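Undergrad: Right, I'll just put the structure down here and ask away after.
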Amino acid sequence: MTLLAVRDLDAFYGDFQALFAVSLDVVEGELLAVIGANGAGKTTFLRAIAGVLPVAQQAVRFRGRAVGGRPAYELAAAGIALVPEGRRIFPSLSVEENLLIGAYRERPGSWTVARVYELFPSLAARRRQPGTNLSGGEQQMLAIGRGLMANPILLLVDEISLGLAPLVVRQLYEVLRVVTAEGTTTLVVEQDLSQVLQVAQRVYCFRKGTVSLTGRPRELGRAEIAAAYFGV
Amino acid sequence: MAWVDTVVQGILLGGLYALFATGLSLIFGVMRLVNLAHGDFSILAAFLAVVAVQVAGLNPLAALVVVVPLMAGLGWLLQCAALNRLLGRGLLPAVLVTFGLSIIIQNALLETFSADSHGLNPGGIETASVRLAVVTVGWFPLLTLATAVLVLLALQLFIGRTALGRAFRATSDDRETAELMGIDHRRLYALAMALSLGIVAVAGVFLGIRTTFTFASGPDRLLFAFEAVIIGGLGSLWGTLVGGVILGVAQTVGAKFSPGWGVLTGHLVFLAVLLLRPQGLFAPSRRVG
């Protein structure tokens, strides 16, 4: 069943058009990846469907309802959680408070602070420290944990690998695989293909604000992906 | 002993200044807005208490039960109807609106209550005093300071311990990410403005009991509140109390040398802090709370 249907989505920053008629489906229960080079429009795409950027109402349908252009706080309440680029941990809040704020809308579900600590034990040890005291990898764990605390129907994750060691990135993708297997549909945006193609069930490649390729990673050839990615 | 007395009176006066400054500090901490009508709102509250006393025969302190919710509701309305519409257009438009409001409130008060001085009489407590060791202190200044401490304590607990307070801090840190958490910052700002005007209503009524006031008393109150906030450190609630106390003591000590020097000495201390420690004495690591 299609959870999120994006049709002919255009997005702008002022006069600059960043997305051109992007169409994409997220199927319930899958781990979907959007890949693309810097500037391909991946982050813009996530921000548009999370309600941070204004877009046309009919361009985004979530669970059958046209939600394009609804404010982010409303979409968060409806079950879309975005783990933003650069983590964006709240510096005034402790690690635990950063998790608790994720549950601000009190959506029902199985994610609790205790379960997030189970998933990321290193966070539990530092629960009282300011969230921004953590290492980059731990901050990414915290950001993902904060997103899960919303008990989302659709989890959007922007650029997990940014500035992190390959080993940490692999752990985080393993976590996302588990999270998806447990029932949270996940859409990740990624520039670094080394890990994401191993866990994603389907992939969309973006180039210059349009979809240049889509399919299952196993069925797509390296050359095909490279061509869609770099445009060579 | 006279000096001890002067300092103690200054500390108590500082309680009143802190009460004025708390709402200003809160609004700045949560939404980076300097409310230039803050002092005028306090005077508006004092006049509302005058009306409550005249119409319903209430004691001014009892009138707080009416005046505080009224002012809080006005704050909510102000934020929803005016200031929220200006979000995302930079700092200046909202500050200009509060500047305009300051003028409107003063003129409306002048039209309604004339230019005469008004006062609030709570029936005895304003002159009653108690002897503490070597100094005599008034019950009412003591009540004022205690109220300021209680208000700050309650606000501290609210911001530090509750889910809503957490949302205040998160929004102050990063509004866009807070919105991704499901926080509607417009509602939060309206609540902050309601709290701010509710607290300054208490300050205005206490001021009216302590001294007389006119339609034009607001800007002075704003100035003292602003100085208390800056001395204490922007966004630090307890810093606001200390800032108010330092300002109060500076004023009473200055006035001890010559009656005309009180306010001037306060300004000089404020200037000294600005020069030597512009971030204030208690520059907070977190911006609210």
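Every number here is computed from the coordinates shown, using simple stated rules; none is lab data. If you're wondering where the values come from, they're calculated on a predicted model, not measured in any experiment. All Cβ positions, even for glycine, are placed from backbone atoms using ideal geometry, and neighbour counts span all protein chains on display.
Undergrad: Diagonalise the Cα gyration tensor of the range B:11-215 and give the resulting equivalent ellipsoid semi-axes, square root of 5 times each eigenvalue, largest first, whole Å.
TA: Semi-axes (√(5λ), whole Å): 31, 22, 13.
Undergrad: How far is helix B:92-113 tilted, in degrees, relative to the longest principal axis of the Cα atoms in chain B, given as a value from 0 to 90 rounded to the nearest 10?
TA: Roughly 40 degrees between the two axes.
Undergrad: Counting just the Cα atoms, what span does the protein assembly as shown cover along each of its three principal axes? Round to the nearest Å and put the largest first.
TA: 89, 47, 41
Undergrad: Within a 10 angstrom radius of each residue's Cβ in A:75-87, how many Cβ atoms of other chains show up on average? Whole number is fine.
TA: On the way: counts 3, 6, 2, 1, 0, 2, 3, 4, 1, 4, 0, 1, 1.
Per-residue shielding by partner chains comes out at 2.
Undergrad: Follow-up. What fraction, in whole percent, of alpha-carbon pairs in the range B:1-47 exceed 11 Å separation?
TA: 72 percent
Undergrad: Kindly express, to the nearest 10 degrees and within the range 0 to 90, the angle between helix B:262-276's C-alpha long axis and the longest C-alpha principal axis of chain B.
TA: 40 degrees
Undergrad: Can you tell me the 0 to 90 degree angle between the C-alpha axis of helix B:38-56 and the longest principal axis of chain B, rounded to 10?
TA: Helix B:38-56 sits roughly 70 degrees off the main axis of chain B.
Undergrad: When the dipole is taken about the Cα centre of the protein assembly as shown, and only Lys, Arg (+1) and Asp, Glu (-1) are charged at their Cβ, what size is it in debye, to the nearest 20?
TA: Result for the protein assembly as shown is approximately 540 debye, rounded to the nearest 20.
Undergrad: Oh, and also: What does the helix-only formula give at 222 nm for chain B: each DSSP H stretch with n ≥ 4 adding -39500 (n - 2.57), the total divided by the residues, and the result rounded to the nearest 500 deg cm²/dmol?
TA: -25000 deg cm²/dmol
Undergrad: For the range B:81-130, what is the Kirkwood hydrodynamic radius in Å, using each pair of distinct C-alpha atoms? It would help to have the intermediate numbers written out before the result.
TA: Details: mean 1/r = 0.0697 Å⁻¹.
Hydrodynamic radius (Kirkwood, Cα pairs) of the range B:81-130 is 14.3 Å.
Undergrad: How would you rank A:97-105, A:161-169, highest first, on the average number of other Cβ atoms within 10 Å across their residues?
TA: Taking the mean over residues of other Cβ atoms within 10 Å, the ranking is A:97-105, A:161-169.
Undergrad: Between the range A:190-232 and the range A:64-107, what is the separation of their alpha carbon centroids in Å?
TA: Spelled out, the Cα-based centre of one part sits 28 Å from the other.
Undergrad: Still on this structure, I have one more. Given the DSSP H assignment, sum -39500 (n - 2.57) over each helix run of at least 4 residues in chain A and divide by its residue total; what's the result at 222 nm in deg cm²/dmol, nearest 500?
TA: Result for chain A: -9500 deg cm²/dmol, rounded to the nearest 500.
Undergrad: Let me ask you something else. Cα-Cα pairs above 23 Å in chain A: how many percent? Please report the intermediate quantities before stating the final value.
TA: Working: 12166 of 26796 pairs.
Taking all Cα-Cα pairs of chain A, the fraction more than 23 Å apart is 45 percent.
Undergrad: Determine ³J(HN,Hα), in whole Hz, for all residues of the range A:118-132 in sequence, where each value follows from phi through the Karplus function 6.51 cos²θ - 1.76 cosθ + 1.60 and θ = phi - 60°; x replaces Gly and Pro.
TA: Taking θ as phi minus 60°, the curve returns 5, 5, 10, x, 5, 6, 4, 5, 10, 4, 8, 7, x, x, 7 Hz for the range A:118-132.
Undergrad: For chain B, which longest stretch is free of loop sites, where a loop site is one of the trypsin sites (Lys or Arg not before Pro) that DSSP puts outside H, G, I, E and B and that has at most 16 other Cβ atoms within 10 Å? Intermediate results must be reported in sequence, preceding the final value.
TA: Numbers: sites that count: B:32, B:89.
Answer - B:90-289.
Undergrad: For the range A:139-216, run through the GluC sites (Glu not before Pro) and keep only the ones in DSSP coil with at most 15 other Cβ atoms within 10 Å of their Cβ.
TA: A:182
Undergrad: Another question, then. Return the single residue from B:200, B:55, B:34 with maximal mean-square fluctuation; model: Gaussian network over chain B, springs between Cα atoms under 10 Å.
TA: Between B:200, B:55, B:34, it is B:55 that shows the largest mean-square fluctuation.
Undergrad: While we're here: Any idea what the relative contact order of chain A is, in percent, if you count C-alpha pairs under 8 Å spaced at least 6 apart?
TA: 27 percent
Undergrad: Let me ask something additional. Can you sort A:42, A:208 so the residue with the fewest Cβ neighbours within 10 Å comes first?
TA: A:208, A:42
Undergrad: What is the distance in Å between the Cα centres of the range B:186-242 and the range B:58-95?
TA: 12 Å
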